[in-house]
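Working notes, structure below.
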Amino acid sequence: MVSELLRPDSEFSRAVYKEIRPAIPRAHWPVEALRATFTPTNDGLALIAHFEGLAPNYAALAAQVVLQAKVDMVLVSPVAALASAVVYSRRWRDTFLYALVPVLFAIPLMAPLGGLAMRASMVLFALNAAALLLSHFRLLQRRGALQQGRFIAEIPTPGLRIKVPQGTPVHHQE
């Protein structure tokens, strides 16, 4: 699923421009807005970009700059909420995963304390295993939704005039 096209005056497009502008010499920029497709990574911590309208070596360089910007680019992108959901789901899954082994080894350690203690640790292990399975399933769902969050943006180019949204303060330098 590809969402709507982000215009050159969008916050995300301007953020991408600020990142890639120093890496590409002005002579190699196209005259019109630069079109790029962005796909979030599985972990939700970066964006993979494919630029159209630049020479292949500069397109690869711009894609690398966007990838290296990591979370800074994701936070201003349209997929920020989906990426956040993936990160939090992974944290919960990892919490239950790392708690599973100590709880598993607690079962034989509780046996000398009595049958009730051993059964309680077995129930705790079963609950933790169930929570691990549910949290992993939820993580897979959210990753799938994130991968469907591919979007296209038009990136401003040097000299391209863009309209500033109304109500945005404009600072003039003297």
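The values are calculated or read from the model by the stated rules, or taken from the named source; none is laboratory data. Worth saying up front: this structure is predicted, and the values here are computed from it rather than measured. Note that we place each Cβ from the backbone using ideal geometry, even for glycine, and neighbour counts take in every protein chain shown. Each accessible area value is taken on the protein alone, full model and side chains, heavy atoms only, with ligands, DNA and RNA left out. Shrake-Rupley method; radii C 1.70, N 1.55, O 1.52, S 1.80 Å.
Structure notes:
- Heavy-atom accessible area order for 92, 29, largest first, 1.4 Å probe: 92, 29
- Converting phi to 3J(HN,Hα) with the Karplus coefficients 6.51, -1.76 and 1.60 and the offset θ = phi - 60°, the range 141-147 yields 4, 5, 5, x, 5, 5, 5 Hz in sequence order, with x at every glycine or proline.
- When Rg and Dmax are taken over the Cα atoms of the range 74-116, they come to 18.3, 56 Å.
- The chain: calculated mean residue ellipticity at 222 nm from DSSP helix runs of at least 4, using -39500 (n - 2.57): -18500 deg cm²/dmol
- Distance between the range 31-56 and the range 70-103 - C-alpha centres, whole angstrom: 23
- Shown in residue order for the range 92-102 are the 3J(HN,Hα) couplings computed by the Karplus curve 6.51 cos²θ - 1.76 cosθ + 1.60 at θ = phi - 60°: 5, 4, 5, 4, 5, 5, 6, 7, 5, 5, x Hz (x for Gly and Pro).
- Distant-in-sequence amide contacts of residue 35, defined by a placed amide H-H separation under 5 Å and a gap of 5 or more residues or a different chain, comprise 52, 155.
- GNM top mover of 121, 135, 13 - the chain, alpha-carbon springs below 10 Å: 121
- Accessible area (Å², per residue) of the chain, counting only protein heavy atoms and a probe of 1.4 Å: 63
- Principal semi-axes in Å for the range 81-146 [√(5λ), Cα gyration tensor, largest first]: 32, 9, 6
- Between residue 141 and residue 116, the C-beta separation translates, for a Förster distance of 45 Å, into a calculated FRET efficiency of about 0.75.
- Positive contributions from Lys and Arg (+1) and negative ones from Asp and Glu (-1), summed over other residues with Cβ under 10 Å from the Cβ of residue 158, come out at +2.
- Under Stokes-Einstein, with the Kirkwood radius over Cα pairs as Rh, the value for the chain at 4 °C and 1.567 mPa s is 68 µm²/s.
- Charge tally around residue 90: other residues with Cβ under 13 Å, Lys/Arg +1 each, Asp/Glu -1 each, net +3.
- For the chain, leaving out every one of the trypsin sites (Lys or Arg not before Pro) that falls in a DSSP loop and has at most 11 other Cβ atoms within 10 Å, the longest unbroken run is 1-160.
- Cβ-based net charge around residue 17, under 12 Å, with every Lys or Arg adding one and every Asp or Glu removing one: -1
- Accessible area of the chain belonging to carbon and sulfur atoms, whole % at 1.4 Å probe: 63
- Dipole magnitude for the range 81-146: about 260 debye, using +1 per Lys or Arg Cβ and -1 per Asp or Glu Cβ, origin at the Cα centre.
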